[in-house]
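Working notes, structure below.
The values are calculated or read from the model by the stated rules, or taken from the named source; none is laboratory data. Bear in mind the structure is a predicted one, so any value in this text is a computation, not a measurement. Every residue, glycine among them, receives a Cβ derived from its backbone with ideal geometry; neighbour counts consider all protein chains shown.
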């Protein structure tokens with residue numbers, strides 16, 4: 001894996017993510033990276049399937065890592081746009097209701113394109129050094145949103161003030177990212193909501209007998 005300086009080529013050049021406009025390259029990248037580990041994924045196969053030549057590819061990206069990160073960036077933007085359809089600041093919902101609704105949106109995002117979920121699951125099996133590289137670029141995006149939610153909930157007295165805001169944000173980030181592990185692909189929305197309710201109830205009330 002090449003040295004990475006923290007920004008993708010198109011970011012450094014002040015351009016738009018090339019995958020936003022090149023649907024063939026986006027689709028080919030998603031298909032290969034969702035089926036193969038980063039090391040096993042063939043950049044030549046992606047370029048050929050997308051109908052590009054190497055010169056055109058390297059004009060837009062530094063290398064395979066640059067393409068992989070650009071793919072993640074596009075999916076994160078798409079997921080955040082979905083989350084923004086539900087604005088909890090204007091609904092009057094409490095913190096835990098907001099988390100339930102965001103978890104359901106996460107499920108719908110994964111259902112929209114099964115390869116999204118396969119890509120993330122495969123990413124979690126990558127070597128630690130590789131995962132750290134990706135987390136260093138994107139790891140704080142969801143957490144920052146949740147930090148604001150937790151801080152707001154603490155100020156409203158909806159959650160305990162003696163627990164670290166950062167720790168709670170990290171716990172709920174894990175829940176939102178991995179909620180797909182507790183639901184089956186053939187579950188109906190009502191069944192999924194029941195599963196999410198169970199998870200949130202455990203977090204809200206704890207497991208110890210009171």
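What the table below lists for this structure:
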read-out	value
Selection within the range 41-71 - under 18 Å from residue 125 (Cβ atoms) and in a helix (DSSP H, G or I)	64, 65, 68, 69, 71
Candidate set: the range 72-108, residues that are part of a loop (DSSP other than H, G, I, E, B) and within 18 Å of the chain's Cα centre (by Cα); chosen: the one modelled with the highest pLDDT	84
Boolean, residue 51 is touching a residue at least 12 places away in the same chain (Cβ under 8 Å) and surrounded by fewer than 13 Cβ atoms within 10 Å (Cβ to Cβ)	yes
Pair list, Cβ under 7 Å, 6 or more apart: the range 99-116 residue not assigned by TED's automatic domain parsing to the domain that holds residue 31, other residue surrounded by 18 or more Cβ atoms within 10 Å (Cβ to Cβ) and not in a helix (DSSP H, G or I)	107/183
Subset of the range 121-138 that is surrounded by 13 or more Cβ atoms within 10 Å (Cβ to Cβ) and at pLDDT below 85 - its residue that is nearest to residue 84 (Cα to Cα)	138
Sole residue being in contact with a helix residue (DSSP H, G or I) (Cβ under 8 Å, 6 or more places away or on another chain) and more than 27 Å from residue 152 (Cβ to Cβ), chosen from 96, 33, 83	33
Some residue of the range 78-94 being within 22 Å of residue 9 (Cα to Cα) and surrounded by fewer than 13 Cβ atoms within 10 Å (Cβ to Cβ)	no
Positions within the range 21-40 being free of Cβ contacts under 8 Å to residues at least 24 places away in the same chain and either in a helix (DSSP H, G or I) or buried (at least 17 other Cβ atoms within 10 Å of the Cβ) (or both), in sequence order	23, 27, 28, 32
